[in-house]
Amino acid sequence: MESHFSLKVINLKKYFPVSRGFFAGPQKYVKAVDNISFVVEKGGTLGIVGESGSGKTTLARLVLRLIEPTSGSVYFDNKNIFELNKHELRRLRPQMQMIFQDPMASLNPRKKVKQILAQVLKLHTSLSSEEIHERILSLLEKVGLSPPELFLERYPHELSGGQRQRVCISRAIALNPRLLIADEPVSALDVSVRGQIIKLLLDIYNESRGDMTYIVISHDIALIKSMCKNTLVMYLGRMVELGETDRIIESPLHPYTKVLISAIPIPDPESARERKRIPITGEPPSLIDPPPGCHFHPRCPYVMDKCRTETPSYFQVDDRLVSCFLYE
């Protein structure tokens with residue numbers, strides 16, 4: 001019987017050891033991802049939001065097993081990817097792809113566009129050279145690089161930022177993956193190009209007709225709203241809220257989520273003046289020496305005494321999970 005979920009993450013942790021001197025004392029760790037669990041239904045969409053340093057990209061790399069975890073499990077189609085050997089993982093790789101944040105850094109500057117795309121197809125398919133060429137033309141056409149013949153011989157530095165990101169997207173969808181992770185897919189692009197890339201990603205998802213599962217990482221709540229049904233909010237390596245995107249935006253529960261939502265710009269000046277902003281003070285704590293208890297308590301306007309010493313569990317509030325003592 002086919003599973004109803006595409007991706008299942010259980011108690012996932014990634015602690016990076018901090019280099020230290022001979023007399024530095026006990027080993028310390030950066031807890032980049034700290035005990036996160038979630039499920040994405042087959043064909044579903046999940047947004048991961050949080051400020052810089054919250055662990056979003058590390059979580060994505062763990063999900064794809066680009067790095068090894070400290071502990072925890074990631075099940076993709078009922079297989080724990082951390083238990084797969086090298087050959088099994090290679091067979092699974094075509095089904096799990098990622099669009100990286102910086103398109104220039106993720107493309108080989110010494111290879112032409114046709115070589116970049118051909119490398120993927122040669123590695124994971126048995127297509128002939130002629131079939132690969134036709135597939136590359138089709139991919140470039142699909143992502144809006146038309147006529148595609150004009151881009152085959154170009155190097156990444158000869159393309160604009162939007163064109164480079166389109167090449168990255170074409171490489172990610174070349175093998176028809178069932179899981180696609182987009183890490184800040186438009187943050188490095190001009191505002192005029194962002195809308196085009198977002199529309200392209202939505203078109204690709206809609207054309208998959210439920211066969212593709214999307215995870216979109218961003219600090220931009222508006223982007224997540226336009227692309228994802230559900231949202232996971234991270235702060236300092238921990239998940240603080242998980243639920244439907246519309247519900248989270250309309251009525252955020254966790255104090256940190258409230259801060260994020262209240263910071264979204266509103267184009268109407270009158271509405272912006274009437275909106276109540278949630279104050280936040282200070283900088284994010286150090287990942288090496290995080291505060292005890294709830295990590296957000298030094299900046300939280302609703303802090304209680306127990307927040308300073310105890311770590312809140314996840315409480316079910318209607319259709320959401322929230323890690324806050326306000327909902328105990």
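Summary of computed values
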| read-out | value |
| --- | --- |
| Span from the the range 186-206 Cα centroid across to the the range 281-326 one, whole angstrom | 34 |
| Sorted peptide list for 251-261, 231-241, 155-165, criterion being average Cβ within 10 angstrom, highest first | 231-241, 251-261, 155-165 |
| Cα-based equivalent ellipsoid of the range 215-328: semi-axis lengths in Å, sorted from largest, via gyration tensor | 24, 17, 14 |
| Whole-Hz couplings from phi, Karplus 6.51/-1.76/1.60, listed for the range 246-252; x for Gly and Pro | 4, 5, 5, 6, 6, 9, x |
| Per principal axis, descending, Cα span of the chain in whole Å | 68, 55, 50 |
| Förster radius 45 Å - calculated FRET efficiency between residue 154 and residue 29, Cβ distance, rounded to 0.05 | 0.55 |
| Neighbour-count ranking [beta-carbon atoms within 10 angstrom, fewest first] of 51, 207 | 207, 51 |
| Enclosed volume per residue, in Å³, of the convex hull spanned by Cα atoms of the range 1-87 | 120 |
| Relative contact order (percent, whole number), the chain, Cα cutoff 8 Å, 6+ residue spacing | 20 |
| Spin-label pair residue 176/residue 288, simplified geometry with 7 Å Cα→Cβ offset, distance in nm | 5.0 |
| Calculated FRET value between residue 318 and residue 80, using beta carbons and R₀ = 30 Å, to 0.05 | 0.45 |
| Karplus (6.51, -1.76, 1.60) ³J(HN,Hα), θ = phi - 60°, over the range 42-55, in Hz, Gly and Pro reported as x | 4, x, x, 10, 10, x, 10, 10, x, 6, 4, x, 7, x |
| Ranked list, fewest to most other Cβ atoms within 10 Å of each Cβ, for 296, 82 | 82, 296 |
| In nm, spacing of pseudo-spin labels at residue 263 and residue 18 (7 Å Cα→C-beta vector) | 2.3 |
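No lab work stands behind these numbers, since they all come straight from the coordinates. What you see is a predicted model; the values in this text were computed from it and never measured. No Cβ is skipped: glycine too gets one built from the backbone with ideal geometry, and neighbour counts run over all protein chains shown.
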